[in-house]
Amino acid sequence: MFNSIGEVVLLFWRTLCAWPHAWRQRQKVYDQFFEIGNASLLMACILSLFIGGVLALQSGPVLAERGLANLIGGIVGLSMCKELAPVMMGILIAGRIGSAMAAEIGSMCVYQEVDALRTMNINPVHYLVLPRLVAIAIALPLLVVFSIMTGWFGGAIVSASNAHIGVSLSAFFSTLKTFVDLQDIGNGLFKSFCFALVIGTVSCHQGLQTIGGPRGIGRSVTKAVVNSIVLILILDYFLTRWLLIFD
Amino acid sequence: MHSSPSHPPSGLALRVRGLRKSFLGVEVLKGLDFEVRPGEIFVIMGPSGSGKTVLLKHLIGLTRPDQGEVLVNDRPVDSPEVMEKFRMAMVFQSGALLNSLTVGENVGLYLAEHRLKTPAEIALIVADKLEVVGLKGSEEKMPSELSGGMKKRAAIARALVIEPQLILYDEPTSELDPLSSVVIAEEIFALNQRIGVTSIVVSHDRDLAFGVADRIAFINQGRILAIGTPAEVRAHPDPLLQEFLNASFKPDQAKE
Ligand SMILES: Nc1ncnc2c1ncn2[C@@H]1O[C@H](COP(=O)(O)OP(=O)(O)OP(=O)(O)O)[C@@H](O)[C@H]1O
Ligand SMILES: [Mg+2]
């Protein structure tokens, strides 16, 4: 995986250089964008609701025993927006969309569609990679906003309904408000933006590398997902360290 | 950007020198030298697996050779100005239509992506070219709804739209019935006459080859066995070549 990082960076650079063509490809960006939304919105919603809920369920009683139950809003609020939503959504999208990107481009490679584009002097980076990267870079942060909201909501419901915690909705959200400021949400969104670029570039790169028939497509898909997730988790650590400087 | 289609295209000259290519240690092309003159129809024949498709991919710059070079009008085919200046097209053996687009979008892709025409003009051209290849009215179909032969014809329409100066056909008639084959052969010939496009046709189809070719090259195991006019190739003494040209199924012998 690490020997291809140079190629991935190169592909990313080429895609950045193709940026002026993004407007021309807007139809494809819309299509990809809606595909991402369609494929992952419901799953993101369910996932975040339960993550927020379980977070409250785990930490609530421990806090309540020590008389700190009112802190629960802050804990759920901060962990959702700074860490859990971006990473969970990143992993979800790597599995759901990264795999689809690698499979689609991979099959285009195997069935010579990419070659056909090249003979028509259509740059595959402009035609295939750019719209996908733009779409995912917009969609993933939006999905994270959505995930943060549902996660908070899930935490609030559990806190209010669980007898061992017993924090009302309004109390939950008022502590949340004192703990979470806009910069925390900004941090999460920035992280997810970086993750989106990683997923998009790694998956498209794997797709374009595909050789050797349907088996090759399978290999590319697996590699795209695994490499994206590993890179997300590594990048998350370093981004967190870096963002702490600004706190 | 490419020159506009109204610009009078002229066929490109192609020169191949010492072309060698190996895959995984197996040498597929073992040193090819030949020239294709501007505006001629050059047919490449040879047994299955002899490296014809690999050669075509080198000719249009999709694959880099290990050794040797391909020159288009005296410029290396992989230099950026060749792709920008000249119009080239390839009809792939499998058609290679984009499966996510309709047939009409596939055929009009070149014009649409390079912004050479308005959508209305593109629609007219697409309808016209589809009619030429006998697929009138199938703009809205998806490639998956087409048969192998129809895909190939759609791919030919897609190449015709480009109005290329060099066109490569990889087995254009291999999946077609005899009647469609004749139509395609006629169209290859007509396109060549109409816009003087240099045409390189890979084919096993002896009728097509000897019907349209100005010159024929016979390739076996990555080497050129014979090259020349159809008459010269037919008269060539090599036994394998003669066997290939005269092969026919004889039920009496098969039974014995
Ligand atoms: N990408 C590749 N990797 C490895 N081997 C390849 C590759 N492409 C082609 N080959 C090998 O090169 C040889 C020639 O293949 P090619 O497709 O050019 O044959 P062909 O002459 O077009 O045959 P056909 O008439 O059946 O289409 C074959 O033995 C094939 O296995
Ligand atoms: Mg072939």
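Tabulated results
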read-out	value
Cross-link partners of B:Lys30 among lysines (Cα-Cα below 24 Å; sequence separation of 8 or more within a chain)	B:Lys21, B:Lys52, B:Lys57
Hypothetical label at A:Lys177: residues of region A:59-82 whose amide nitrogen lies under 18 Å (7 Å Cα-Cβ projection)	A:70-78
17 Å Cα-Cα reach of B:Lys152 towards lysines, excluding residues that sit fewer than 8 places from it in its own chain	B:Lys129, B:Lys136, B:Lys141
Only Lys, Arg (+1) and Asp, Glu (-1) charged, at Cβ; chain A dipole about Cα centre in debye	320 debye
Set of lysines near A:Lys191 by C-alpha distance (under 28 Å), chain-local residues within fewer than 8 positions excluded	A:Lys28, A:Lys82, A:Lys177, A:Lys223
Tensor-based shape of chain B (alpha-carbon gyration tensor, a/c under 1.5 rounded, otherwise prolate or oblate)	oblate
Alpha-carbon Rg with Dmax, taken over region A:69-181, Å	21.1, 67
For the protein assembly as shown, convex hull volume per residue from C-alpha positions, Å³	196 Å³
Stretch gain in nm, segment A:Met43-A:Asn70, where the contour uses 0.36 nm per residue and the Cα spacing is subtracted	6.7 nm
Pairwise FRET efficiency - A:Leu169 versus B:Asp74, Cβ, R0 = 60 Å, nearest 0.05	0.20
Cα gyration tensor, region B:170-256 - rounded (a/c under 1.5), prolate or oblate	oblate
Helical mean residue ellipticity (222 nm; -39500 (n - 2.57) per DSSP H run of 4+; nearest 500) of chain B	-11000 deg cm²/dmol
Region B:92-164: Rg to Rh, with Rh as the Kirkwood radius over Cα pairs	0.92
Area of A:Phe146 that stays accessible when all protein chains are in place (1.4 Å probe, Å², to 10)	80 Å²
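The values are calculated or read from the model by the stated rules, or taken from the named source; none is laboratory data. Just so it is clear, the structure is predicted and the values come from calculations on it, not from any experiment. Please note: Cβ atoms are built from the backbone with ideal geometry, for glycine as well, and neighbour counts cover all protein chains shown. For accessibility, only protein heavy atoms count, side chains too; no ligands or nucleic acids. Shrake-Rupley method; radii C 1.70, N 1.55, O 1.52, S 1.80 Å.
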